[in-house]
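Reviewing the structure listed below.
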Amino acid sequence: MSKNAKPENAAATDLFTAGLKSMEGLGPMQAVALKAWSDVGVAALKFTSLRMQHDVEAQKAMLACKSLGDVQKVQTEFFSKALADYKAEAARLMKIMSAPIAQVQTDAAISTKRAYDDVPL
């Protein structure tokens, strides 16, 4: 290994640091944005894992079929369920992504109420 070579994980650390630096412009929204992206990532990984399990189950069911009609029935059920799952997941991700926006809007709201002591006597 040469003197200039970086450890393998140093590139990942540099990339992570650069990503955080790019979010500095968000100011007070930075924590909210990081949490939102984290929540979206977790939800997407859970959904992908669940869909893969359904894919394997559908393949097992198709291999157990004795006729072409049975295969078509399994495929129809699989695609109908997949469509419903993707639709529900899209709605769930939209809900996850819109929650921080509402929070930031509430936090950033300018109060027009007057304080009891703001008028000089």
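The values are calculated or read from the model by the stated rules, or taken from the named source; none is laboratory data. Just so you know, these numbers come straight off a predicted model, no measurement behind them.
Here Leu50, Leu34 are screened, and the one residue that is within 17 Å of the chain's Cα centre (by Cα) and at pLDDT 95 or above is Leu50. Hey, does segment 87-102 have a residue that's at negative phi, assigned to a loop (DSSP other than H, G, I, E, B) and modelled with pLDDT under 75? No; the residues of segment 87-102 include none that is at negative phi, assigned to a loop (DSSP other than H, G, I, E, B) and modelled with pLDDT under 75.
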